[in-house]
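Data first, discussion second: the structure below is written as structure tokens.
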Amino acid sequence: MQRAAGGGGPGWLRDLTRTKPVDQIVAEGGHGEGGELKRSMGLLQLTMFSVGATLGTGIFVVLGEAVPLSGPAIVVSFVLAGLTALFSALSYAELAGTIPVSGSSYSYTYATLGELVAWVCGWCLLLEYAVSVSAVAVGWGQYLNELADKTIGVTIPAALSSPPGGGGVVNVPAVAVVLLATFLLLRGTSESATANTVMVFLKVGVLVFFCVVAFIAFRAGNLTPFAPLGIAGISAAGSKVFFSYIGFDAASTAGEEARNPRRDLPLAILLSLGIVTLLYVAVGLAAVAAQPWREFEGAEASLAMVLDEAAGVPWPSAVLSLGAVIAIASVVLTVLYGQTRILFAMARDGLIPRIFMRVSPRTAVPAANTVIVAAFVSLLAALVPLGRLADATSIGTLFAFALVNVGVMVLRRTRPEMPRSFRAPLFPVTPLLGVGFCVYLMIRLDVATWTVFVLWMLVGLAAYFAYGRRHSRLRRAEAAAGERA
């Protein structure tokens, strides 16, 4: 059994840098004092979880921001962003197959970089998951309104579809989609996975429908000049569309509910990234071939604009709105799921209260955890204009990605003999590139986003020293072992 390791120096420093033994993490996987999770998910469900978390509002709105930067070369920008995500995906795939537990990058960093870094990573994931799902839920109401207006000519009053400060009183649709996802999650993992798989197939079908309609209006002249703004424009657009790839790591939060995690988790992560990249490239090509690239400037609903022009009738854009409604519901479901499983792992380690690790004996899901997270997300989505806070989810995600890439390199050095079901190729080039691209994209974010991120980190560190460090199970176990010695 690998022993817990910590840095030298004072006791407090050893506390902060102690790593949790990989063998212990794996042995604890699937159960804890609060009960056991149930292994019910196969490769298809895991892949659809990652696709479901990734394929959301981004592709429906991002072209209006990215195409003016790159022109028709947006297809190259999507490939560039996909390759950037791939470096981190390879690291996630290796660690998911080696440490197949629910904590995702939180657990990976606990095994490789120490308790304090793991806490910081978990805190970043809280920002990524909880805040982003709130922002996504807010967007759901807007698309629902658009769909209702196009199909039955009815819209929800602004007072009930926007938060205070955004022209309304309470955002009822945002709460409704969170409650729907919560209902599915509380029924059981298998039921949630089935519902998500159906929704993913539907939203993929809608994007394929978009490509078919848009390609009918294909104009070769719209693709020339192909890169009017050069390499700089392609790179700038790549940075914009990269954030449409966030979510491919969702399968790694299901490590303790996968039937064959060592085989299926790496495959699910890489397959989902491949599926999403293929869809994005096809949608981007169809859009710029059907519409002159300069007309995308300032278009918020860029795909709907393309369909309106290509088809000449309103019903195809109504189908697209339906796809957006389904896409966002799927994102809410999968991201809520991921958040609860990360909190489950943190609670099992004693870093947050034990209520988050209690598993329902009937449904084999962390029910109290799910209800608490859903209540927090619902309040945030219903009452708070998210603004810059939602933008900060990107920086938290990139920070977690960078830590996973570093973790792969550390574990290769400290545990080279450990069996790995998947190995990142061209090591250490790929994880080093993963770190480099993440740092590059973080640097490109604005000062306001960095300010929110730093403030969030300060709050997280205060919470760790006030609660997490004192209640750490690993720290207590080491203290008890020292007393016996």
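Tabulated results
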read-out	value
Check on GLU146, under 19 Å from SER321 (Cα atoms), out of contact with any strand residue (DSSP E or B) (no Cβ under 6 Å at 6 or more places or on another chain) and not hydroxyl-bearing (Ser, Thr, Tyr)	yes
Evaluation of ILE269 against (1) over 23 Å from VAL325 (Cα atoms); (2) free of Cβ contacts under 8 Å to residues at least 60 places away in the same chain; (3) touching a helix residue (DSSP H, G or I) at 6+ places or on another chain (Cβ under 7 Å) (one fails), failing number	(2)
VAL76 vs. criteria touching a Leu at 6+ places or on another chain (Cβ under 9 Å) and modelled with pLDDT of 80 or more	no
Filter result for GLY167 (farther than 23 Å from THR449 by Cβ, without any contact (Cβ under 8 Å) to a residue 60 or more places away in the chain, of a type in the set (Gly, Ala, Ser) and out of contact with any His (no Cβ under 7 Å at 6 or more places or on another chain))	yes
Among (1) free of Cβ contacts under 8 Å to residues at least 40 places away in the same chain; (2) more than 13 Å from ILE326 (Cα to Cα); (3) surrounded by 22 or more Cβ atoms within 10 Å (Cβ to Cβ), the one test that GLY141 misses	(2)
Single match in VAL136, VAL208, VAL131 (criterion: modelled with pLDDT of 90 or more, out of contact with any Asp or Glu (no Cβ under 8 Å at 6 or more places or on another chain) and in a helix (DSSP H, G or I))	VAL208
Condition check for SER102: in a helix (DSSP H, G or I), touching a residue at least 60 places away in the same chain (Cβ under 8 Å) and either of a type in the set (S, T, N, Q) or at positive phi (or both)	no
Leading residue by the ranking (nearest to GLY338 (Cα to Cα)) among those in the stretch 162-191 that are assigned to a loop (DSSP other than H, G, I, E, B) and among the small types (Gly, Ala, Ser)	GLY188
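Listed here are the residues, each with its yes/no results for (1) surrounded by fewer than 24 Cβ atoms within 10 Å (Cβ to Cβ); (2) out of contact with any Phe, Trp or Tyr (no Cβ under 9 Å at 6 or more places or on another chain); (3) more than 21 Å from ILE395 (Cβ to Cβ).
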| position | (1), (2), (3) |
| --- | --- |
| GLY97 | yes, no, yes |
| LEU116 | yes, no, no |
| VAL120 | yes, no, no |
| ALA130 | yes, no, no |
| SER134 | no, no, no |
| ILE152 | yes, yes, yes |
| SER161 | yes, yes, yes |
| ALA176 | yes, no, yes |
| ALA181 | no, no, yes |
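The values are calculated or read from the model by the stated rules, or taken from the named source; none is laboratory data. Here the structure is a predicted model, which means the values were calculated and not measured. So basically every Cβ, Gly included, is an ideal-geometry build from the backbone, and we count neighbours across all protein chains shown.
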